[in-house]
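Input: a single structure, listed below in structure tokens.
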Amino acid sequence: MQRELSAVFHGNALDLEFVDCYGQHLAWLETWFQRRLSCNGVASELAQEVFLKLYEQREQIPGLRQPKAWLTTVAHGLLVNHYRRADLERAYLAALAVYPTTHVPDPEQKAVLFETLLELDRSLRQLPNKVRQAFLMVQLEGVKQQDIARELGVSLSMVKKYIAQAQQCCGGGEDYAQRLSHLNSEQRALSSRTLAALPRLNRRAILKSVCVLLGAGGLFHAYRKSDYSADWVSAKGEVQTRTLPDGSELTLDSDTAVELVFTPAQKLIVLRRGRIMIQTASTLLPNELKPVVRTREGFAQAMGTVFSVEQKAQSTQVEVFEQRVQWRSLASGFFHLLNAGEQAEFNQRGLLSSQSVSQERAAWTRGLYVADAVPLKKWATEISRYRAAGIHCDVAVENWLVSGTFPLNKPEIALLALQDALPVQLIQQNTLAASPVLLVARERGE
């Protein structure tokens, strides 16, 4: 194969470097796949696909200090897709087995259908189960939104948010629905339920085992940040309250993902993204282990308390409402003690800022945002947490101060209320929650 490649390529420096990398690492990569798969033929095909991807990005080769790390990263992604395809095949065959033969697509339809389902799954697999189910039911089964709300046990407005969120992920579902239009209603419902039946737990277990086998810290870190490792995930606009194994209460803000590691030796909550509120159980004994929250920057140790932790882009914010929390930085080991009524922001090295915090900052757990003379830009950021599309401010108005109480579960009403509080105008393409909003100064006389 290496000689064939050499004959095809034109002999420029990048092509020659690619051929050299191919010759050095092909056997190793095939072995890597063979150890993880039962079929040597599939292992060889996946190894070739990795090198095809490398050739498409061969300008990177001169800068690769560790080619194996790059190859392993790509191989990991292909392996995940391979397992996922196998999952989908099993789910589809299982669904077909209980359907009447008159509803089964012919071989050509099966091939087209399966590739379409794969594309849909790639777009939707990152979404929480309810978001995915709502989208599939409305796009492929034609179920009315009111009926979806009743089946999923949520409000009609939440179903609309689910659908808008899913449409953002896959660029709208009309294209997929059109490609499936040649199927009858039973076959389309079969497709929808095949995808909805794919369990998050199976994907998580597969990825976890793959990452352990990889032994690659960078890949494991990428996995750990994703929803595949999350035990609880809240959708955009959704606030969830859950009970932890020790009886403590955990509230997930909109678009939040956490992983739980509760053992006799530790009570760890890994915050992947978003914001959480913790109220430790009143039944915990003084010397009993208290929950610890882990973020990218460090650890927040509860001391029998009520507190929130937010994972920001490059920092962690901790707010304490009752008793105390101890913070420990990940990189430096820096310790900081926060008492009730205090909030602080940390990076990996230590403290960035600290100030007092009022009880009103916890109002988001009740679906409210209490603004007390906050800049409009900050107000827009808070409300955007709960909206499918963002809210942006013109520079001329971003420092205007906002005061009032606004509903987080109904961001469109919050936007209308803002117009009563300030002379601002909403500019958006349409009135849907999936449409971004720009806040500008309202012209006089309007």
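The values are calculated or read from the model by the stated rules, or taken from the named source; none is laboratory data. Only a predicted model underlies this, so the values are computations on that prediction, with no experimental measurement involved. Ideal geometry is used to build each Cβ from the backbone, glycine not excepted, and the neighbour counts take in all protein chains shown. Heavy atoms of the whole protein, side chains included, go into the accessibility calculation; ligands, DNA and RNA do not. Shrake-Rupley method; radii C 1.70, N 1.55, O 1.52, S 1.80 Å.
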Based on the mean of other beta carbon atoms within 10 Å per residue, what is the order of 358-370, 244-256, most packed first? 244-256, 358-370
What whole-number value in Å² describes the accessible area per residue of segment 275-414 for a 1.4 Å probe? 46 Å²
Gain upon complete extension [Trp232, Glu151; 0.36 nm per residue less C-alpha separation]: 27.1 nm
Of Lys236/Lys378; Lys377/Lys410; Lys144/Lys410; Lys160/Lys312; Lys130/Lys290; Lys312/Lys377, which sit over 23 Å apart, Cα to Cα? Lys160/Lys312; Lys130/Lys290
Quick one: compute the contact order of segment 306-446, relative version, from alpha carbon pairs under 8 angstrom and 6+ residues apart, as a percent. 16 percent
Cα-based Rg of segment 291-377 normalised by 2.2 N^0.38 Å, two decimals: 1.07
Stretch gain in nm, segment Thr73-Asp394, where the contour uses 0.36 nm per residue and the Cα spacing is subtracted: 111.5 nm
With the full set of protein chains in place, find how many percent of the accessible area of segment 361-407 is carbon and sulfur; take the probe as 1.4 Å. 55 percent
Can you work out the FRET efficiency for the pair Gln323 and Ala27, with r the C-beta to C-beta distance and R0 = 45 Å, to the nearest 0.05? 0.15
Below 16 Å, Cα to Cα, which aspartates and glutamates can Lys267 reach? Residues fewer than 8 away in the same chain don't count. Asp231, Asp246, Glu249, Glu259, Glu288
